[in-house]
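Undergrad: Encoded as structure tokens, here's the structure I'll be asking about.
The values are calculated or read from the model by the stated rules, or taken from the named source; none is laboratory data. Remember, it's a predicted structure, so these values are computed and weren't measured experimentally. Positions of Cβ are generated from backbone atoms using ideal geometry, with glycine treated the same way; all protein chains shown enter the neighbour counts. What goes into the accessible areas is simple: the full protein's heavy atoms, side chains included, and nothing from ligands, DNA or RNA. Shrake-Rupley method; radii C 1.70, N 1.55, O 1.52, S 1.80 Å.
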Amino acid sequence: MSRAGSRARLRSRIAIPAIAACSAALALGGAPASALTLPPIDPGSVLPGLPLGGGKSGGCPGAKRVPAGMTHRRARAVILCAINRARKARGLPALRPIRTLRVAAGRHAYDMARHHYFAHVSLGGSGVLSRLHRAGWSGSAYGEALAWGCGRRASPRATVRSWLDSPVHRAILLSPLYRLAGIGIADRAPGGCRGGTWVLDAGR
């Protein structure tokens, strides 16, 4: 499909938050994150009970704001806060931010927004692992979750809720295998609307 065709298809889906995920284990005998057994989940702690937003509930201040309304540093902190609240609710340790994963995630978010595509493989053919290695990451396992949205659908709150509502994405966010994370953010969606493109790279 041509780039113009891809852009038109993306724009036709503007009203629908788009998400994608992939994961792999590189350690000998490891299992993909999507195949891991997750801790028991309290139905009341997922949607809509989990307090991901700001305010007196003790959530993550700024979680309802669009990415363009924050610095990238702040946006990364807010969405990681929301992810770690979901992990804490299930007795999992928080993901710790690390520069190498942040660089890989940031480069991919910018590339997707700039070149109007949405995939784990770039238009130049680079996959997740090659991007992680170029950023200097070396580890035994990794997982990547993508999301884009227009307007408030791109907020950290909406993004994390979309991820948690998808079994494959939730398996990455709530995997006990991962200990590290990098967040990438672009201020616009691949379809060209004012919103945001998110990349979560998790690793161990």
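Undergrad: Filter the stretch 145-193 for residues that are of a type in the set (Gly, Ala, Ser) and assigned to a strand (DSSP E or B) and give the result. Quick ask: steps written out before the conclusion?
TA: Of all residues in the stretch 145-193, those of a type in the set (Gly, Ala, Ser) come to 145, 147, 149, 151, 154-155, 158, 162, 166, 171, 175, 181-182, 184, 186, 189, 191-192.
Of everything in the stretch 145-193, those that are of a type in the set (Gly, Ala, Ser) and assigned to a strand (DSSP E or B) turn out to be 145, 147, 149, 181, 182, 184, 186.
Undergrad: Do the conditions hold for residue 196, that is, is it assigned to a strand (DSSP E or B), in contact with a Pro (Cβ under 7 Å, 6 or more places away or on another chain) and either surrounded by 24 or more Cβ atoms within 10 Å (Cβ to Cβ) or of a type in the set (Gly, Ala, Ser) (or both)? Full working, then the answer.
TA: Numbers: assigned to a strand (DSSP E or B): yes; in contact with a Pro (Cβ under 7 Å, 6 or more places away or on another chain): yes; either surrounded by 24 or more Cβ atoms within 10 Å (Cβ to Cβ) or of a type in the set (Gly, Ala, Ser) (or both): yes.
When the stated conditions are applied, residue 196 passes them.
Undergrad: For the condition at pLDDT below 95, over 19 Å from residue 197 (Cβ atoms) and open to solvent by less than 40 Å² (accessible area, probe 1.4 Å), what is the one hit in 171, 147, 113, 119?
TA: Numbers: 147 fails: over 19 Å from residue 197 (Cβ atoms); 113 fails: over 19 Å from residue 197 (Cβ atoms); 119 fails: over 19 Å from residue 197 (Cβ atoms).
Only one candidate passes the filter, namely 171.
Undergrad: List, please: which pairs have Cβ atoms under 9 Å, are six or more places apart or on different chains, and start with a residue in the stretch 93-117 that is at positive phi and end with one that is crowded, with 19+ Cβ neighbours inside 10 Å?
TA: 116/10; 116/190; 116/191
Undergrad: While we're on this one: Can you name the residue in the stretch 92-110 that is of a type in the set (A, V, I, L, M, F, W, C) and assigned to a helix (DSSP H, G or I) and, of all such residues, is most open to solvent (accessible area, probe 1.4 Å)?
TA: 103
Undergrad: Exactly one of (1) open to solvent by 20 Å² or more (accessible area, probe 1.4 Å); (2) modelled with pLDDT of 90 or more; (3) in contact with a helix residue (DSSP H, G or I) (Cβ under 9 Å, 6 or more places away or on another chain); (4) in a loop (DSSP other than H, G, I, E, B) is unmet by residue 142. Its number?
TA: It is condition (4) that residue 142 fails.
Undergrad: Turning to a different aspect of this structure: Please state which of the following conditions residue 129 fails to meet, knowing it meets all the rest: (1) in contact (Cβ under 8 Å) with a residue 12 or more places away in the chain; (2) in a loop (DSSP other than H, G, I, E, B).
TA: (2)
Undergrad: Moving on to the next point. Here is a list of conditions, (1) closer than 15 Å to residue 172 by Cα; (2) at pLDDT below 95, and residue 85 meets all of them except one; can you say which number that is?
TA: The number of the failed condition is (2).
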